[in-house]
Amino acid sequence: MEILDILLSATFWAAAIRIASPLIFATMGELICERAGVLNLGIEGIMIAGAFTGWFAVYAGMPLPAGVLMALLIGMAFGALHGMLTVPFGLSQHVVGLGVTLLATSMTYFTYRLALPEVTSPPRIEAFAEWPVPVLSDLPLVGPALFSQSPLTYLAFATVAAVAFTLHRTPLGLALRAVGENPASVEAQGLSVTGLRIGAVMAGSGLMAVGGAFLTMSAFNSFFFEMVNGRGWICIALVVFGAWKPWKSLLGAILFAAFDALQIRLQQTPIGAHVPYQVFLMMPFALSILALILMSRRAEVPAALMVPYNKGER
Amino acid sequence: MGGQAQARAVLRLSGITKRFGSLVANDAITFDLHEGEVIALLGENGAGKTTLMNILFGHYSADEGSVKLFGAPLPPGNPRAALAAGVGMVHQHFTLADNLTVTENITLGTEPLWRMGRSRAAARKRVEDLSRDFGLAVHPDARVGNLSVGERQRVEILKALYRDARILILDEPTAVLTPQEADDLFATLKKAVARGMSVIFISHKLHEVMAISSRVLVLRHGKLVGEVRTADTDKHQLATMMVGAEVAELEVRPHAPGPVLLALKGVSTPARGNVTGLRNVTLDLRAGQITGLAGVSGNGQAALAALIGGLELPDKGEMTLDGASVEGWSPRQAVDAGVARIPEDRHTTGTVADFTLTENAILESYGDAKFSRKGWMDWRAAEGFAQDIIARYDVRCPGPATRIRLLSGGNMQKLILGRVLERGPKIILANQPVRGLDIGAVTYVHQRLLQARDESAAVLLISEDLDEVMALSDVIHVISEGRLSPGFARGAMTPAQLGVWMAGHGFERSDHAA
């Protein structure tokens, strides 16, 4: 009964969409990279760097949109590093990705300590306020859930539409899908495999960083160590869950976020008094694994994912 | 065609040289291609045909020399420039993205990347028109992953036509086609040539070269060794030029068969995925005899090869080896029992691409006392073994430390032959042993198989090439839908009679007999 009440409440769905927003950005970022044939395990670190950069830019006096832009740029910079190492040099995508995560995380913490040496509790910023959409936000259930959110959440949904449109309706998207399937097909048609892949990794990494920035600029209003807390890894699973398709991945992000919102609320019900809280924390992950197994069985993996392309090699 | 002399040179290669390490793949190659002409580039495996065309298309840069297209120099190493200058290339290994449709593959890279939309309707219409005009039947909206090999090749040709290519390069285009599809391809090429297209046709099939080309260039060991007008030559002369010596006719001496080494009695195996299983198959493999298996691809050949190679066990029926029933059976046990396996696909199952020749040479025998003691490899012995094979089987390569992926198909196959024959096998499972090889290598492989037969091995030759089966086999069985015909002695059946069995007729009667 209580679960039903929760599922029918607008505040629950509003929370789910809010929790989903950073995942949506980062999942779209990972999806772009993987569609081009590059697994980007730098995602976790890039989100941390994005979270710090966006927050610190605003703390240092920049307007909020400029903070988002800064996060995007720092993400693209790490993407350029990842892309250079994995595409022209053809290094192992696993090793490079984990290296980028470690580098981005450590650089972020180091910079934080340098910039704020005296601070014991992290300063707060004036974050994005909710932008209720006129008329639509007055609708029952859907209104508060979807149309009374932070502008960054709207941007997240717009990003999904933009990624889907680009992939399927533009020549660039066609080339991107081809380069992740058979890079030789792209080269034989006179396009640059290296350029497309590095570009995709940079764009994708930029989106990951914006996902991180959502946490500091629209959710917690401050920066803590460990705040990304494995969200990047979840996004890698969400891309698989979504079978490398933007809209299906969006669905996965919302589903995961709904599980997460649900477990927080269940902890506060009488059941929560009897069950250890770790079980609730585990729930979204366990359910995600289950959903992954059910959903991804017939997924079509980009055939050239994780395969470096060496021009002229037989 | 007429007026060869006046026809404009559309392509001029001057002094092209390309080296890979110590190997000179192309050595100062110079020739012209004229408008509306089909030239054939003929040569053995590793002669440098594909390298030369990859330089022309811009996949590689030449170390020396220059390429001129329509009088203008072509910047090296840039496929985009080659495409823009009107060169279209149909690679031996197709360059298509399986997840895209036919039209998407064709239009890929033809529009500026940063446009907001694609002109899909117009592109689709043009693909349809071209495919109708040139007789290249393929549905513009079909996903390439679902197409047959023949259809994929049509997509590759459409890619070139869509970009208004003036020069078309085809690298071994018929290697993957059925005879009927090859005829269709030739018809398409003739249409294109009639409209002013110039074609470079790379092949080692002499009858095709004779049929389609007006001029033949012969490459040997990276050098251009001959140029003849097709009208002034014949197959025998071309073969001699290609190999560099008189090509020996294959001589098959009769040989008395020995005892049955491996027998199948009423064996059935399960169907796995697209692999047809065997149905009630009875077969004797005798020492000193080549047993040929004729049939259209996909009729159970793979299942039979898996069974004898140790990858599969009978569901029903009995398999006996030297008269004893086979109980446990695995690839290891098959190798230990003296089964030599020449796999159908030398790239994926015959070799490990990134291993060296030495490592590939001992893939089946690394555990022998010769190569390892108490679990420690003796690499010196292994390398000596590889050196032996390289010398005795004429494997052309820089040395035993070369990664095998750098070898041509023929040289790879010679290494595989050496690997299995040096063990003195009792049973040889030769599955498509000469597919994709040129005359020299084909003759070589056939001679080695005959020699093994004369040394009392039982050879099972599986081939889709009926001529090959008929030339080599002492006994021929036909396989169709997993069923096996009775054995026919050499010369007992005409190709047409075997064709009837291949089409699946005649089995009912033998089922009753069995």
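The values are calculated or read from the model by the stated rules, or taken from the named source; none is laboratory data. Predicted, not measured: the structure shown is a model, and the values here were computed from it. Cβ placement follows ideal geometry from the backbone for every residue including glycine, while neighbour counts extend to all protein chains displayed.
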Given the structure, is B:Ala430 more than 26 Å from the chain's Cα centre (by Cα) and surrounded by 19 or more Cβ atoms within 10 Å (Cβ to Cβ)? no
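Might you let me know whether the range B:477-497 holds any residue that is of a type in the set (Val, Ile, Thr), touching a residue at least 24 places away in the same chain (Cβ under 8 Å), assigned by TED's automatic domain parsing to the domain that holds B:Gly292 and not in a helix (DSSP H, G or I)?
yes
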Restricting to the range B:484-503, what's the tally of residues that are closer than 22 Å to B:Ser268 by Cα and either hydroxyl-bearing (Ser, Thr, Tyr) or within 26 Å of the chain's Cα centre (by Cα) (or both)? 5
Residue set A:Leu250, A:Leu238, A:Leu207; condition in a helix (DSSP H, G or I), within 26 Å of B:Asn99 (Cα to Cα), at pLDDT 95 or above and in contact with a Ser or Thr (Cβ under 7 Å, 6 or more places away or on another chain); output residue A:Leu207
Would it be correct to say that B:Gln451 is free of Cβ contacts under 8 Å to residues at least 12 places away in the same chain, assigned by TED's automatic domain parsing to the domain that holds B:Thr320, under 30 Å from B:Ser203 (Cα atoms) and in a helix (DSSP H, G or I)? yes
Looking only at the range B:15-33, which residues are surrounded by 21 or more Cβ atoms within 10 Å (Cβ to Cβ) and not basic (Lys, Arg)? B:Ile16, B:Ala25, B:Asn26, B:Ile29, B:Leu33
Listed residues B:Glu156, B:Glu208; which is within 17 Å of B:Gln92 (Cβ to Cβ), crowded, with 16+ Cβ neighbours inside 10 Å and modelled with pLDDT of 90 or more? B:Glu156
Subset of the range A:151-178 [small (Gly, Ala, Ser), surrounded by 21 or more Cβ atoms within 10 Å (Cβ to Cβ) and away from every other protein chain (no Cβ under 14 Å)]: A:Ala156
For the range B:307-325, pairs from a residue that is at positive phi to a residue that is exposed (fewer than 13 other Cβ atoms within 10 Å of the Cβ), with Cβ under 9 Å and 6 or more apart or across chains, are B:Gly310/B:Ser330; B:Gly310/B:Arg332; B:Asp322/B:Pro259; B:Gly323/B:Pro259
Going residue by residue through the range B:68-83, is there one that turns out to be within 7 Å of chain A (Cβ to nearest Cβ), crowded, with 18+ Cβ neighbours inside 10 Å and under 17 Å from B:Ile157 (Cα atoms)? yes
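I'm checking my understanding of the structure. Among residues of the range B:84-102 that are among the polar types (S, T, N, Q) and at the interface with another protein chain (Cβ under 7 Å from one of its Cβ atoms), which one is farthest from A:Pro302 (Cα to Cα)?
Result: B:Thr95.
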When the residues of the range A:179-198 are filtered to those that are assigned to a loop (DSSP other than H, G, I, E, B) and either within 7 Å of another protein chain (Cβ to nearest Cβ) or aliphatic (A, V, I, L, M) (or both), which remaining residue is surrounded by the fewest Cβ atoms within 10 Å (Cβ to Cβ)? A:Gly190
If B:Gly222 satisfies all but one of (1) surrounded by fewer than 17 Cβ atoms within 10 Å (Cβ to Cβ); (2) at positive phi, what's the number of the condition it fails? (1)
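So that you can scan it fast, the table gives a plain yes or no per residue for (1) surrounded by 11 or more Cβ atoms within 10 Å (Cβ to Cβ); (2) modelled with pLDDT of 85 or more; (3) part of a loop (DSSP other than H, G, I, E, B):
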{"residue": "A:Gln263", "(1), (2), (3)": "yes, yes, no"}
{"residue": "A:Gln278", "(1), (2), (3)": "no, yes, no"}
{"residue": "A:Met282", "(1), (2), (3)": "yes, yes, no"}
{"residue": "A:Ser288", "(1), (2), (3)": "yes, no, no"}
{"residue": "A:Leu292", "(1), (2), (3)": "yes, no, no"}
{"residue": "A:Arg298", "(1), (2), (3)": "no, no, yes"}
Filter result (hydroxyl-bearing (Ser, Thr, Tyr) and within 13 Å of another protein chain (Cβ to nearest Cβ)) within the range B:136-169: B:Tyr162
Where the second residue is assigned to a strand (DSSP E or B) and hydroxyl-bearing (Ser, Thr, Tyr) and the first is over 11 Å from B:Met242 (Cα atoms) and in the same structural domain as B:Leu23 (by TED's automatic domain parsing) and lies in the range B:211-231, which pairs have Cβ atoms under 9 Å and are six or more apart or on separate chains? B:Ile212/B:Ser203; B:Ser213/B:Ser203; B:Gly222/B:Thr17
Being more than 17 Å from A:Arg231 (Cβ to Cβ) and not small (Gly, Ala, Ser) is the requirement here; does A:Phe12 meet it? yes
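So which of A:Ala257, A:Ala237, A:Ala253, A:Ala219 is closer than 30 Å to A:Leu116 by Cβ, within 16 Å of the chain's Cα centre (by Cα) and more than 14 Å from chain B (Cβ to nearest Cβ)? Show your work before the answer.
Working: A:Ala257 fails: closer than 30 Å to A:Leu116 by Cβ; A:Ala237 fails: closer than 30 Å to A:Leu116 by Cβ; A:Ala253 fails: closer than 30 Å to A:Leu116 by Cβ.
Within the list A:Ala257, A:Ala237, A:Ala253, A:Ala219, the selection yields A:Ala219.
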Among the residues of the range B:363-418, what is the count of those that are farther than 27 Å from B:Ala430 by Cβ and in contact (Cβ under 8 Å) with a residue 40 or more places away in the chain? 3
Restricting attention to the range B:390-434, the residues that are under 19 Å from B:His93 (Cα atoms) and charged (D, E, K, R) number exactly 1
All but one of (1) out of contact with any Asp or Glu (no Cβ under 6 Å at 6 or more places or on another chain); (2) more than 30 Å from B:Leu108 (Cα to Cα) hold for B:Ser214, so report the exception by its number. (1)
Give B:Val500, B:Val445 a once-over and let me know the one that is over 25 Å from B:Asn280 (Cα atoms) and without any contact (Cβ under 8 Å) to a residue 40 or more places away in the chain. B:Val445
Tell me, please, whether a residue that is in contact (Cβ under 8 Å) with a residue 12 or more places away in the chain, closer than 29 Å to B:Val144 by Cβ and buried (at least 20 other Cβ atoms within 10 Å of the Cβ) can be found in the range A:204-220. yes
Take B:Asp133 and decide whether it is more than 13 Å from chain A (Cβ to nearest Cβ), free of Cβ contacts under 8 Å to residues at least 12 places away in the same chain and more than 28 Å from the chain's Cα centre (by Cα). no
Looking at the range B:103-130, which of the residues that are at the interface with chain A (Cβ under 9 Å from one of its Cβ atoms) and hydroxyl-bearing (Ser, Thr, Tyr) is farthest from the chain's Cα centre (by Cα)? B:Thr110
